[in-house]
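Colleague: Below you'll find the structure I mean.
The values are calculated or read from the model by the stated rules, or taken from the named source; none is laboratory data. Small disclaimer: the values here were computed from a predicted structure and weren't measured. FYI the Cβ positions are ideal-geometry reconstructions off the backbone, even for glycines, and counts take in every protein chain you see. All accessible areas refer to the heavy atoms of the entire protein, side chains included, with ligands and DNA or RNA removed. Shrake-Rupley method; radii C 1.70, N 1.55, O 1.52, S 1.80 Å.
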Amino acid sequence: QVQLVESGGGLVQPGGSLRLSCAASGSIFSISAMGWYRQAPGKERELVARINSGGTTNYAGSVKGRFTISRDNAKNTVYLQMNSLKPEDTAVYYCNAILRTSAITYDMTYWGKGTLVTVSS
């Protein structure tokens, strides 16, 4: 079993900052990539940022320059530093990992349960 547990969400004023964390645990052989997605009310889930095992990152255009994704491979943990937050960043943020549970399995995608980020004055 694999679990992804997010933390760090909450209420913040526009212009403020938050840091999300997501720790992967369980039967993990290797992790190819970890990332963050978000889903605002009435909208589809969208990619926010992703980082692969080599450290290559990619970001949604709407968060470039404001959000930074990083990863601690030893701890199987991914972080999302969110600065200059805007009301339109309000959403449930989901952690995502693409990983293998053994040497003979294929990559599979796992999701956390999500953490709510609300940007409001």
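Colleague: Take the residues in region 99-115 that are within 12 Å of the chain's Cα centre (by Cα) and not charged (D, E, K, R), then tell me which one is most open to solvent (accessible area, probe 1.4 Å). Spell out the reasoning first.
Modeller: To start, the set of residues in region 99-115 that are within 12 Å of the chain's Cα centre (by Cα) comprises 110-115.
With the extra rule that they be not charged (D, E, K, R), the set shrinks to 110-112, 114-115.
Working: Tyr110: 52, Trp111: 109, Gly112: 10, Gly114: 27, Thr115: 21 Å².
Filtering region 99-115 for residues that are within 12 Å of the chain's Cα centre (by Cα) and not charged (D, E, K, R), the one most open to solvent (accessible area, probe 1.4 Å) comes out as Trp111.
Colleague: Give just the number: which of (1) part of a strand (DSSP E or B); (2) of a type in the set (Gly, Ala, Ser); (3) farther than 30 Å from Ser121 by Cβ does Gly35 not satisfy?
Modeller: (3)
Colleague: Kindly indicate the residue of region 40-68 that is out of contact with any Phe, Trp or Tyr (no Cβ under 7 Å at 6 or more places or on another chain) and in a strand (DSSP E or B) and also surrounded by the fewest Cβ atoms within 10 Å (Cβ to Cβ) among those meeting that condition. So that I can check it myself, show each step before the final result.
Modeller: At the first step, the residues of region 40-68 found to be out of contact with any Phe, Trp or Tyr (no Cβ under 7 Å at 6 or more places or on another chain) are 40-44, 50-58, 60-66, 68.
Checking the rest, the ones that are also in a strand (DSSP E or B) come to 50-52, 57-58, 68.
Values: Arg50: 19, Ile51: 21, Asn52: 15, Thr57: 15, Asn58: 13, Thr68: 17.
Ranking the candidates gives Asn58 first.
Colleague: Report yes if some residue within region 77-85 is of a type in the set (A, V, I, L, M, F, W, C) and either under 17 Å from Val5 (Cβ atoms) or open to solvent by 60 Å² or more (accessible area, probe 1.4 Å) (or both); otherwise report no. Spell out the reasoning first.
Modeller: From region 77-85, those of a type in the set (A, V, I, L, M, F, W, C) are 78, 80, 82, 85; that's our starting set.
Among the residues that remain, those that are also either under 17 Å from Val5 (Cβ atoms) or open to solvent by 60 Å² or more (accessible area, probe 1.4 Å) (or both) are: 78, 80.
Yes: one or more hits.
Colleague: Determine the pairs where a residue that is under 11 Å from Tyr94 (Cα atoms), located within region 15-43, has a partner that is open to solvent by less than 60 Å² (accessible area, probe 1.4 Å) and part of a loop (DSSP other than H, G, I, E, B) with Cβ atoms under 6 Å apart, the partner being 6 or more residues away or on another chain.
Modeller: Pairs that qualify, where the first residue is under 11 Å from Tyr94 (Cα atoms) and the partner is open to solvent by less than 60 Å² (accessible area, probe 1.4 Å) and part of a loop (DSSP other than H, G, I, E, B), are Leu20/Gly8; Ser21/Gly8; Cys22/Gly112.
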